[in-house]
1. If each residue of separation counts as 0.36 nm, what is the full-extension length gain between residue 214 and residue 304 once their alpha-carbon separation is subtracted?
2. Along each of its three principal axes, how wide is the spread of alpha-carbon positions in segment 191-304, in whole angstrom units, largest first?
3. Per DSSP H run of at least 4 residues, take -39500 (n - 2.57); add these up for the chain, divide by its residues and hand me the 222 nm value, nearest 500 deg cm²/dmol.
4. Can you tell me the order of 168-177, 195-204 when each peptide is scored by its average per-residue count of other Cβ atoms within 10 angstrom, highest first?
5. Where does the chain land on the Kirkwood hydrodynamic radius, alpha-carbon pairs, in angstrom?
6. Fewest first, what order do 5, 111, 136, 273 take by the number of other Cβ atoms within 10 Å?
7. For labels at residue 290 and residue 69 in the simple 7 Å Cα→Cβ model, what's the distance in nm?
Ligand code: PBG
């Protein structure tokens, strides 16, 4: 009479990609997780596919010299992200390739948008994000995933994709993304921590509940295909709120800080890693998530 089950189909596997050859760079705050160069990414994606995992979410680490305040490198058709998409789709064509759309890894300020006098400029940013999403679609991305939380970006991206005849490219919107301290290890991994201030002017205040529904409904009206709640465990109530109000597919993101906490406690022998991991993953399904982006995907599938 078990109500909820996990399957490899539930998972989205985040991948961190760097320039170089043969690079397998450990991320200290994410034990067991690595930044990989493209040659190793190809092998990794083939092995994920063989394990039944069907979707990857790509993040890249941008060289310091390529960062600016305009997202120039984000639009480079030969940029690391664009090359990664092409190579993965060539190596494993059936793998669903999802891409992160936000300026932070490309930003000299470490912010998700263009900065002027200490402020994040919403409208100039969404114009760049739409071009960035189109450039990912041109490279072969199946799903673009804007994680920036600017207002109006979904409509802008959807229009840009439609104009260029990319009718089948999906948008997975980080619609309820909170300004959270659980993202620390991810920012270590990509060297993308904000250089000043925080992200509270565009991400949701963690004290808010209704706002998540407002933001999500707006993104759906603008043309999002999948919506997302992020972080995961501390926000299961939000997943359930959305589940009770909307019928679009909901994804949850179990973020880097959640991964780090479990790894750290398990390394001390204080909790049972595998049992807690599965319990947490099932809780996302119980809350109402159809998809779970998680750094535990490979380990979880090995246990199923
Ligand atoms: C960037 C982005 C972040 C994450 C995913 N996309 C960091 C942030 O918003 O600062 C965090 C993922 C994680 O912590 O695992 N827009």
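1. Length difference between fully extended and current span is 28.8 nm.
2. Projected onto the principal axes, the Cα atoms of segment 191-304 cover 45, 38, 23 Å.
3. Per the formula, -12000 deg cm²/dmol.
4. Packing order, densest peptide first, comes out as 168-177, 195-204.
5. 19.3 Å
6. Neighbour counts put them in this order, fewest first: 5, 273, 111, 136.
7. Result: 4.1 nm between the two label points.
Throughout, read-outs are computed from the coordinates displayed, never taken from laboratory work. Everything quoted here is computed from the prediction, not taken from an experiment. Every residue, glycine as well, gets a Cβ built from its backbone with ideal geometry; the counts of neighbours run over all protein chains shown.
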